[in-house]
Each structure stands twice: as structure tokens, then as C-alpha cells.
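Working notes, beginning with the structure itself.
The values are calculated or read from the model by the stated rules, or taken from the named source; none is laboratory data. These numbers were taken from a predicted model, which means no experiment stands behind them. Glycine gets a Cβ as well: all are built from the backbone with ideal geometry, and neighbour counts include every protein chain shown. Heavy atoms of the whole protein, side chains included, go into the accessibility calculation; ligands, DNA and RNA do not. Shrake-Rupley method; radii C 1.70, N 1.55, O 1.52, S 1.80 Å.
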Amino acid sequence: MPDLNRRVAGLRCRDVLEDLSEFLDGALPPERVAAIHAHLAECDTCARFGGSVGEIVAALRAGTPTTTWSDARVGGLLARVRARVADAP
């Protein structure tokens with residue numbers, strides 16, 4: 001499991017994950033968006049996870065099924081999200 005307290009570009013991974021939903025919704029102030037972009041540019045772990053979640057959110061918003069996401073892949077992603085939430089203080 002990655003270290004969610006790791007600080008990259010001034011933000012902890014945990015902070016980026018907590019803001020991910022609002023980030024994807026475009027609901028954060030521009031300075032926070034810029035800080036998250038800087039973090040994602042330097043943190044492969046958050047970039048991969050955020051990209052995966054972003055793809056799922058985009059597909060759900062479009063209302064179209066995606067053939068690139070197998071049930072196993074979605075199940076694996078959900079399991080990882082649940083594990084991270086369970087480990088959060």
C-alpha cells in the first residue's frame with residue numbers, strides 16, 4: 001500500500017485523494033486545482049489512481065457503457081478504494 005502521507009509538490013497524497021471528487025467535478029478553486037496538477041505531475045501513484053477514477057467518472061457521466069473496463073478491473077479498483085478509506089484516520 002502506498003504511503004498516503006507522502007508529500008509531493010507541497011501536498012500529501014491523502015489530501016489529493018480527499019479532493020479527487022471535487023477536482024473531477026471542477027468544484028475546487030483555481031489555486032487548489034493548480035496544486036493538485038503539480039502533485040499529479042510528480043506522483044505516479046496518485047496520477048494512476050486519479051486517472052482510473054477519472055475514466056470511470058467520465059464514462060458514468062456520459063451514460064455510455066465502456067468496453068475497456070472489465071468487471072474484474074472495476075472490482076479491483078473498488079476494492080482498492082475501500083481499503084484506502086478503511087485505512088484513513
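Some notes on this structure:
- Of all the residues in the range 7-33, those that are surrounded by fewer than 16 Cβ atoms within 10 Å (Cβ to Cβ), among the acidic types (Asp, Glu) and under 9 Å from the mean Cα position of the chain (by Cα) number 1.
- Given (1) open to solvent by 40 Å² or more (accessible area, probe 1.4 Å); (2) under 15 Å from the mean Cα position of the chain (by Cα), index of the condition residue 62 fails: (2)
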